[in-house]
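So the structure is just underneath, and the comments pick up after that.
Rule-based calculations on the coordinates, nothing more; no lab input. Nothing here was measured: the structure is a model prediction, and the numbers come from that model. Neighbour counts are summed over all protein chains in view; Cβ atoms, including those assigned to glycine, are modelled from backbone coordinates with ideal geometry.
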Amino acid sequence: MIQIIVFLPLLAAIVAGLANRSIGNVPAKVLTTGALFVSCALSWPIFLAFMSGNESAYVQPVMTWVRSGGFDFDWALRVDTLTAVMLVVITSVSALVHLYSWGYMDEDPDQPRFFAYLSLFTFAMLMLVTADNLVQMFFGWEGVGLASYLLIGFWFRKPSASAAAIKAFVVNRVGDLGFMLGIFGVFLVFGTVSIPEILVAAPDQAGSSIGFLGLRVDTMSLLCILLFIGAMGKSAQLGLHTWLPDAMEGPTPVSALIHAATMVTAGVFMVCRLSPLFETSQFALNFVTIVGATTAIFAATIGLVQTDIKRVIAYSTCSQLGYMFFAAGVGAYGAAMFHLFTHAFFKALLFLGAGSVIHAMHHEQDMRFYGGLRKQIPVTFWGMMAGTLAITGVGIVGLGGFAGFYSKDAIIEVAFAADAPYAGYAWFMGVSAALLTSFYSWRLMFLTFWGKPRWADSEHIQHAIHGHHNDVDHATHAHEEAAADNPPAQEDAGSAPHAHAADAEQLPDGTGGYHPHESPLSMLIPLIVLSVGAVFAGFVFHNFFVEPETAGAFWQGSLAFNEPLMHAMHEVPTWVKWSSTAAMLLGLLVAALMYLRETDAPRQVAENLSPLYKFLLNKWYFDELYTLIFVRPAFWFGRIFWKGGDKGVIDRFGPDGVANVVRSSSGLAVRFQSGYLYSYALVMLLGLVGLVTWVMVR
């Protein structure tokens, strides 16, 4: 069964990708979507079997892979509780994204290629989570990197999409270098890449040291930090996060797949899979905690001022991943996986809901040109409402709530209860990020679904009204989801407060005759299904992930489950349990006040706090800093080696030099090829005289 789950998406990707347009759009969509629904249908029984205790971990061999001296491992599929959780997350979200794409990509001429890429992405992630050794995990790791490059740059004629794909590929290579060095180091220390063997032997290496860059350092700290650097790249943690917002240049279903079920969750999964390894180094756990907690608050601050609906949700993903990592850093791996599980449902719901809004608004992504949509697209509205209630953690302590209420609150409580060195910092950042998350999430809802319609002021929608997009290539123009970071043309782009002023301005009434429309059924069904997960996933599954009485048996040793910490989580003071709820309510009230009642307040805040606003609007200037430190010097060195080395030396004295010699020689030789018989007779006579002279001299 596990072979079918993993390899069926690959088979569908190969057929749809190679056959492409020769089989047509519908067969390609049916094949790839059907394969994912079959994989999904087979994954849930495995997960439910682990929940009921009727299944135990096993390894399914596939084939012999490498036999080279002491380097010896097979291609095998490992199935345990951790794998089962990831299987249902990946296949469920991916299947729904495939179905959603039927409607969203309906006008695109390259649908077989798109669906083939989606299925390839899913296969690579399935290969990653079923890996029994680090090399196989790295194979899947690089596979999702390749697929993300293909999907982010799917509209390759769009310069911004191509640039975003390259950026994602390059930034992830930085993280992957750390991951590769970690794998090399693990093999050097343990003599194997088998994950079970490494985890068994890890405690014996605690306290040992190893040489690195001329220094003696703690072996396990070095290995864990190198591995975690790989996770920082894949899961967009602070410093290696810059690729994630730009990934929005791909089609919206791609955003949902990358952010909810694949790629960005790979780093969290890897840390949890290798949790016994990380448990041997408190220094490495502290590093994970600090990076995760800082990322949670960092990304949340940027989400406050974004105007592109997809970028708000993208920075939300970055922030929520920070929660997962600092949960793992304080030793609560079960809580980290629980939030990964619930997050998949409500984040996929929010992205697909945003895609439905964009579809309704003729691919306008700037929230400042929305307003009053809750009556126009009610199914999308209620779906996004469910996702917002889940991500903000709406609920009542002691009674229950939406999915995020269970998982995010569990992380905040366990951070308070943990006795790790930086757990207090993580708790404070977690509560602060919960406040900001509530604010920017409700800001998105109020700007999009409440207030007066502002559609007549969008250039894209005006083009739609007047039919300018009717006969344009869908893949190159009509379906390009333009980034909305830049302010609209009628605003003063030279000042940051003015760039944000449309949030607060009473823009002219009227819709210009345009009426938003609800999305087709193929797009609405995934929203409805994911809404169910966003509402009930936390309530139904929290006992199995974090409750000490049941979670230990559920995980079956597939990760390092800290039962005393889980007990301590339930013993925290009442005010701690209410802290995240209070933060959520405060964020909701402030957002409602600023965007429903005192609608001039955002402009005033932006003007009064102009330096801070610019700082956040420019995303803490990370891109500018990296451009200054890395990009410009790289181009400078590149120009030196290109013009001075390649062209000035190699080409001059190599290919170009040889070509010049050949050109000069051939020019001289051409002079002898006059075409006149007497010229050739003269040459032959001179040759004969020379030959006779040489013979006589001899």
*Taking the Cα atoms of segment 146-282, what is the range of coordinates along each of the three principal axes, in descending order and whole Å?*
53, 30, 23
*Return one number: the angle in degrees, 0 to 90 and rounded to the nearest 10, between the long axis of the Cα atoms of helix 309-329 and the longest principal axis of the Cα atoms of the chain.*
80 degrees
*Listed here are the pairs Lys29/Lys375; Lys29/Lys347; Lys375/Lys408; Lys158/Lys347; Lys408/Lys577; Lys347/Lys614; which of them are more than 22 Å apart at the Cα?*
Lys29/Lys375; Lys29/Lys347; Lys375/Lys408; Lys158/Lys347; Lys347/Lys614
_Extension reserve of the Ser674-Phe653 stretch, reckoned as 0.36 nm per residue once the Cα distance is removed_ = 4.4 nm
*Report, please, the projected area of segment 37-187 averaged over directions, based on the convex hull of its C-alpha atoms, in nm².*
10.9 nm²
*Taking the chain as the reference, fit the longest principal axis to its C-alpha atoms, fit the long axis of helix 2-19 to the helix C-alpha atoms, and give the angle between the two in degrees, 0 to 90, nearest 10.*
50 degrees
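How high is the relative contact order of the chain, in percent, counting Cα pairs under 8 Å that sit 6 or more residues apart?
Relative contact order here is 14 percent.
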*Rounded to whole Å and ordered largest first, report the semi-axes of the equivalent ellipsoid of segment 510-608 derived from its Cα gyration tensor (root of 5λ).*
40, 26, 10
*When you take every Cα atom in segment 271-339, what is the radius of gyration, and what is Dmax, the widest Cα pair distance, in Å?*
13.3, 44
*Assign unit charges at the C-beta atoms only (+1 for Lys and Arg, -1 for Asp and Glu), then state the dipole size of the chain relative to its Cα centre in Debye, rounded to the nearest 20.*
1640 debye
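Mind listing which trypsin sites (Lys or Arg not before Pro) in segment 134-221 are in a DSSP loop and have 15 or fewer other Cβ atoms within 10 Å?
Arg157
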*Sort Trp636, Trp455, Trp243, Trp450 so that the residue with the fewest other Cβ atoms within 10 Å of its own Cβ comes first and the one with the most comes last.*
Trp636, Trp450, Trp243, Trp455
*asked:* Order these by the 10 Å Cβ neighbour count, fewest first: Thr581, Thr693.
replied: Thr693, Thr581
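When the convex hull of the Cα atoms of segment 325-454 is projected onto a plane and the area is averaged over all directions, what value comes out in nm²? Before the final figure, lay out the partial values.
Details: hull surface 33.4 nm².
Taking a quarter of the hull surface, the average projection is 8.4 nm².
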*Over its Cα atoms, what ratio of radius of gyration to 2.2 N^0.38 Å does segment 603-698 give?*
2.71
*What trypsin sites (Lys or Arg not before Pro) in segment 579-637 are in a loop by DSSP, with at most 11 other Cβ atoms within 10 Å of the Cβ?*
none
*Find the Cα radius of gyration of segment 243-383, compare it with 2.2 N^0.38 Å by division, and give the number to two decimals.*
1.15
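Fewest first, what order do Leu349, Leu10 take by the number of other Cβ atoms within 10 Å?
Values: Leu349 33, Leu10 18.
Going from sparsest to densest Cβ surroundings: Leu10, Leu349.
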*Enter the angle in degrees (range 0 to 90, nearest 10) between the Cα long axis of helix 574-592 and the first principal axis of the Cα atoms of the chain, meaning the one along which they spread out most.*
70 degrees
*Name the residue farthest towards the positive end of the dipole of segment 556-647 from the options Trp620, Gly587, Ala634, assuming +1 on Cβ of Lys and Arg, -1 on Cβ of Asp and Glu, about the Cα centre.*
Ala634
*From the backbone phi of segment 356-369, what are the Karplus-calculated ³J(HN,Hα) couplings (6.51 cos²θ - 1.76 cosθ + 1.60, θ = phi - 60°) in whole Hz, Gly and Pro given as x?*
5, 5, 4, 4, 5, 9, 6, 6, 7, 10, 7, 5, 5, 10
*How are the C-alpha pair distances of segment 70-119 spread across 10 Å bins, as whole percents from the shortest bin up?*
20, 33, 24, 17, 5, 0
*Tell me which residues come under 5 Å, amide H to amide H, from Val62 once H is placed; ignore anything under 5 positions away on its chain.*
Trp75, Ala76, Leu77
*Just the Kirkwood number for segment 144-213, please: inverse of mean 1/r across all distinct Cα pairs, in Å, one decimal.*
14.8 Å
*Could you state the per residue volume, in Å³, of the convex hull enclosing the Cα atoms of the chain?*
238 Å³
